[in-house]
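As structure tokens, the structure follows; a few thoughts come after it.
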Amino acid sequence: EFALLNGEIIERSEAKVDVEDRGYQFGDGVYEVIRVYNGKMFTLAEHLKRFVKSAESIGISLKYTSEQLTDLLRNLLIKNNLVTGNIYMQVTRGIAPRNHVFPTGNVPPTLVAYTIKGVRPLDNLKTGVRAILTEDIRWLRCDIKSLNLLGNLLAKQKASEQGCFEAIQHRGQDVTEGSSSNIFIVKNGTVITHESNNLILKGITKDVILDLCIKNNIPVIERTFSLAELDEAEEVFLSSTTAEVTPIIGINGKKIREGVPGPITKKLQELFEKEIEKQCGV
Ligand code: PMP
């Protein structure tokens, strides 16, 4: 297995982190997870754009153009023979004596990427998953894909301990997003999901779904919805790079639609698969 470290593809076991890397000490960096189907990167341009934007929003400037990054990631895929799986990529503010203040001078950011083999979650896609509700205790810049994930981890762990796949977070009565996914409901036949502002991550999968809705005349709106609306929803599903369009069939032990995925969710799964075929030829 190989990893990418600052522009070079090296043995993964040789890719080492300094104890004073700011990502390691402060979570001072941002990341992306890119899905690979059939050896091809799905929605790569969108992921690279978000990566650059996240980095810029905390004052890290990448030393590579999107074209250079694309070439580096392609080479990594080939080296690792990745057919189905994920690429994990992160950039940190680099290595400097520990200090909350950003380092001055020419500290180069640390860029790392590696690959993880993994099939599509076919069982979850077919039968759906269960979720819990939990108060969103995170900061107010959830739009940045930051390495600081403690709030998300605590939420996901709570779900896992209750035998559930995801934690649906809410700020007071307003549903925000999952611990590692965006949340959608269907109400009166309309797909509703939280608007992309500072309170959620603007999911690449979410944007693909919004686009598919518009192109296929499925009514859709981005707006905040409440816990009450979630409770009364006709259908609920989540989206992410790795989970695609996953039906949610129960929340806090209460079944949704008798515990079976709904028709609009299934339609969007079908359309999403076609999109994968279109981009990656599977
Ligand atoms: N919200 C959060 C908090 C996430 O971690 C993720 C997964 N990256 C998402 C939403 C979904 O984003 P995407 O569709 O780009 O994977």
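The values are calculated or read from the model by the stated rules, or taken from the named source; none is laboratory data. These figures come from a predicted structure and were not determined experimentally. Neighbour counts are summed over all protein chains in view; Cβ atoms, including those assigned to glycine, are modelled from backbone coordinates with ideal geometry. Ligands, DNA and RNA are stripped out before the accessible areas are found, and what is left, the full protein with its side chains, is counted by its heavy atoms. Shrake-Rupley method; radii C 1.70, N 1.55, O 1.52, S 1.80 Å.
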Being open to solvent by 40 Å² or more (accessible area, probe 1.4 Å) and touching a Pro at 6+ places or on another chain (Cβ under 8 Å) is the filter here; which residues of segment 1-41 pass it?
ASN6, GLU20
Residues in segment 86-129 that are open to solvent by less than 50 Å² (accessible area, probe 1.4 Å) and among the basic types (Lys, Arg): how many?
1
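So that you can scan it fast, the table gives a plain yes or no per residue for (1) in contact with a helix residue (DSSP H, G or I) (Cβ under 7 Å, 6 or more places away or on another chain); (2) aliphatic (A, V, I, L, M):
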| site | (1), (2) |
| --- | --- |
| ILE137 | yes, yes |
| ALA155 | no, yes |
| ALA159 | no, yes |
| ILE183 | no, yes |
| VAL186 | yes, yes |
| ASN198 | no, no |
| ILE209 | yes, yes |
Hey, could you check segment 209-224 for residues that are in contact with a Leu (Cβ under 9 Å, 6 or more places away or on another chain) and β-branched (Val, Ile, Thr) and say which is surrounded by the most Cβ atoms within 10 Å (Cβ to Cβ)?
ILE209
Across segment 174-184, what is the total count of residues that are surrounded by 23 or more Cβ atoms within 10 Å (Cβ to Cβ) and either part of a strand (DSSP E or B) or near the ligand (Cβ under 6 Å from one of its atoms) (or both)?
7
Among the residues of segment 11-44, what is the count of those that are away from the ligand (no atom under 13 Å from the Cβ), in a helix (DSSP H, G or I) and closer than 20 Å to THR115 by Cα?
5
Yes or no: ASN86 in the same structural domain as ARG12 (by TED's automatic domain parsing) and modelled with pLDDT under 95?
no
Report, ordered by the first and then the second residue, all pairs with beta carbons closer than 8 Å, sequence separation of six or more or different chains, a first member in segment 222-241 that is in contact (Cβ under 8 Å) with a residue 40 or more places away in the chain, and a second member that is away from the ligand (no atom under 15 Å from the Cβ) and among the polar types (S, T, N, Q).
SER226/GLN173; LEU227/GLN173; ALA228/GLN173; GLU234/ASN188; GLU235/THR265; PHE237/THR265
State which residue pairs qualify: first residue open to solvent by 50 Å² or more (accessible area, probe 1.4 Å) and inside segment 130-157, second residue within 10 Å of the ligand (Cβ to nearest atom) and not hydroxyl-bearing (Ser, Thr, Tyr) in any location, beta carbons under 6 Å apart, and separation of 6 or more residues or different chains.
ILE137/GLY151
Can you spot a residue in segment 66-82 that is in contact with a helix residue (DSSP H, G or I) (Cβ under 8 Å, 6 or more places away or on another chain), of a type outside the set (Val, Ile, Thr), touching a residue at least 60 places away in the same chain (Cβ under 8 Å) and part of a loop (DSSP other than H, G, I, E, B)?
no
How many of the residues in segment 202-234 are under 20 Å from CYS164 (Cβ atoms) and aliphatic (A, V, I, L, M)?
3
The lone exception for ARG257 - which of (1) modelled with pLDDT of 95 or more; (2) open to solvent by 20 Å² or more (accessible area, probe 1.4 Å); (3) farther than 30 Å from VAL83 by Cβ it fails:
(1)
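When segment 197-249 is examined, which residues are found to be small (Gly, Ala, Ser), near the ligand (Cβ under 10 Å from one of its atoms) and in a loop (DSSP other than H, G, I, E, B)?
Within segment 197-249, GLY203, ALA243 qualify.
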Being under 25 Å from LEU150 (Cα atoms) and either near the ligand (Cβ under 10 Å from one of its atoms) or outside the structural domain of ARG50 (by TED's automatic domain parsing) (or both) is the requirement here; does VAL191 meet it?
no
When the residues of segment 49-68 are filtered to those that are touching a strand residue (DSSP E or B) at 6+ places or on another chain (Cβ under 8 Å) and under 13 Å from LEU111 (Cα atoms), which remaining residue is surrounded by the fewest Cβ atoms within 10 Å (Cβ to Cβ)?
LYS63
Consider LEU227 carefully, then state whether it is surrounded by fewer than 20 Cβ atoms within 10 Å (Cβ to Cβ) and in contact with a Leu (Cβ under 6 Å, 6 or more places away or on another chain).
no
Count of residues meeting criterion [touching a helix residue (DSSP H, G or I) at 6+ places or on another chain (Cβ under 7 Å) and more than 26 Å from GLN169 (Cβ to Cβ)] in segment 233-282
3
